[in-house]
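What follows is one structure encoded as C-alpha cells, with my remarks underneath.
The values are calculated or read from the model by the stated rules, or taken from the named source; none is laboratory data. Please read these numbers as outputs of a predicted model, since none were measured by experiment. Note that each Cβ is placed from the backbone with ideal geometry, even for glycine, and that neighbours are counted across all protein chains shown. Calculation scope for accessible area: heavy atoms of the full protein, side chains included, ligands and nucleic acids excluded. Shrake-Rupley method; radii C 1.70, N 1.55, O 1.52, S 1.80 Å.
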Amino acid sequence: MMNSGVNDSTQTVKLWYLKEYDFFGELKGEARDYVKAHTSMQHYKAKDYIYLTGAGYNVYLLKQGEVKISRVRDNGEEIIQDILRPGEIFGCLPMLDQDAGRDREFAQAASQTIVCSIDRRNFELFMDKYPRFNQKLTKWYGLRMRRFEERLNDIIFKDVKKRMAGFLYRYAREFGKVKEGTYEIKPLLTHEEIGLLIGAARQTVTTTLNELREAGFVEPGRKCWKVQRIEELRKMAA
C-alpha cells in the first residue's frame, strides 16, 4: 500500500531542503517564495511507494535517500528504469506527456527518503513565470535520457559480465563513499532487481557477482557492499 508520507509545514525547514537541490539551487526572491508556498515535504521508509501506476500527478524533488523508478510491461513484468539520487527531479513532468508508457510508471523509496512535492499545474505555472528554469529542466531531461540510452545499448550489445561491471562502476561512483580507495555502498537493490536493471536473470546476476567477488572486484554484504579496482571495472565494461 502506498504511504502518503508526513507533511512538514515548517517553511524554514522546507526552504533549507529546497536550497540543496540541483534544480532549485538558484532560487531567489519571488521564485523562492512561490516554491516555498506550493510545495510540501514527505518522508518515506524503504520500500514505501511514492506513487503507483496511473497515480502520479505531482512533480517530486528528491532531497535525501534514493528512489527507484520502474515501469510495468503489458505482460505485468516490472522493468527498473533508473535509481535516482538526491538533487534529481521525477514524477509527472511536462516533457513526458508524449511518453506512451508514462501511466505505467511507479516510484518506490529504495531507502529512508525525503522528497518535496509540487502539484503539476503549479509546477507548470512556475515554469511559465520563470522561464530560465526551463533550460535547467531540459538539460536534466537530456542527461537522464542519455543515461537510459547508454544502459539500453549495454543490454543490446554487451554480455552479462560487461553489463555487471558497468553497473558496479556506476553504482559505486554515484552512490558510494570512498574509503582508502574502496567504494562502500549500502545495498539498495536485490539480485533480482539488479537483473531487472541490467537485463539478466536473478541466477545469472548471482553467478556473475560471485565471479567478480572471487576476482577481488566486489565484496557484497548485508549492510554494505565494497567495490574495489574501480578503473579496472570501467575498462572491463567498455
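Restricting attention to the stretch 204-238 and to residues that are of a type outside the set (Phe, Trp, Tyr) and assigned to a strand (DSSP E or B), the residue that is surrounded by the fewest Cβ atoms within 10 Å (Cβ to Cβ) turns out to be 219. Can you run down the residue pairs with Cβ atoms below 9 Å, 6 or more apart or on separate chains, where the first is in the stretch 226-237 and free of Cβ contacts under 8 Å to residues at least 12 places away in the same chain and the partner is aromatic (Phe, Trp, Tyr) and crowded, with 17+ Cβ neighbours inside 10 Å? Going by the 9 Å Cβ cut-off, the qualifying pairs are 231/169. In the set (1) surrounded by 15 or more Cβ atoms within 10 Å (Cβ to Cβ); (2) without any contact (Cβ under 8 Å) to a residue 60 or more places away in the chain, residue 133 fails one condition alone, (2). When the residues of the stretch 110-143 are filtered to those that are of a type in the set (D, E, K, R) and within 21 Å of residue 39 (Cβ to Cβ), the one that is nearest to the chain's Cα centre (by Cα) is 136. Every condition in (1) at pLDDT 95 or above; (2) open to solvent by 50 Å² or more (accessible area, probe 1.4 Å) holds for residue 168 except the one numbered (2). The criterion of being part of a strand (DSSP E or B) and modelled with pLDDT of 90 or more does not hold for residue 200. Of all residues in the stretch 136-165, those satisfying the criterion of being open to solvent by 70 Å² or more (accessible area, probe 1.4 Å), modelled with pLDDT under 85 and over 23 Å from residue 230 (Cα atoms) are 138, 139.
Screening 212, 188, 233 for residues that are within 16 Å of the chain's Cα centre (by Cα) and of a type in the set (A, V, I, L, M) leaves exactly one candidate, 188.
Can you name every residue in the stretch 171-180 that is modelled with pLDDT of 90 or more and open to solvent by less than 60 Å² (accessible area, probe 1.4 Å)? Scanning the stretch 171-180 gives 171, 172, 175, 176. Residue 183 passes every criterion in (1) open to solvent by 20 Å² or more (accessible area, probe 1.4 Å); (2) in a helix (DSSP H, G or I) apart from (2).
Are any of the residues in the stretch 138-148 among the hydroxyl-bearing types (Ser, Thr, Tyr), assigned to a helix (DSSP H, G or I) and more than 27 Å from residue 73 (Cβ to Cβ)? Looking through the stretch 138-148, at least one residue is among the hydroxyl-bearing types (Ser, Thr, Tyr), assigned to a helix (DSSP H, G or I) and more than 27 Å from residue 73 (Cβ to Cβ).
If you go through the stretch 104-130 and keep only what is acidic (Asp, Glu), surrounded by fewer than 18 Cβ atoms within 10 Å (Cβ to Cβ) and either within 22 Å of residue 82 (Cβ to Cβ) or in contact (Cβ under 8 Å) with a residue 60 or more places away in the chain (or both), you end up with just 119.
Inside the stretch 179-196, residues that are at negative phi and free of Cβ contacts under 8 Å to residues at least 40 places away in the same chain make up a count of 7. The residue list 221, 199, 176 contains one member that is without any contact (Cβ under 8 Å) to a residue 60 or more places away in the chain, closer than 20 Å to residue 109 by Cα and not β-branched (Val, Ile, Thr), which is 176.
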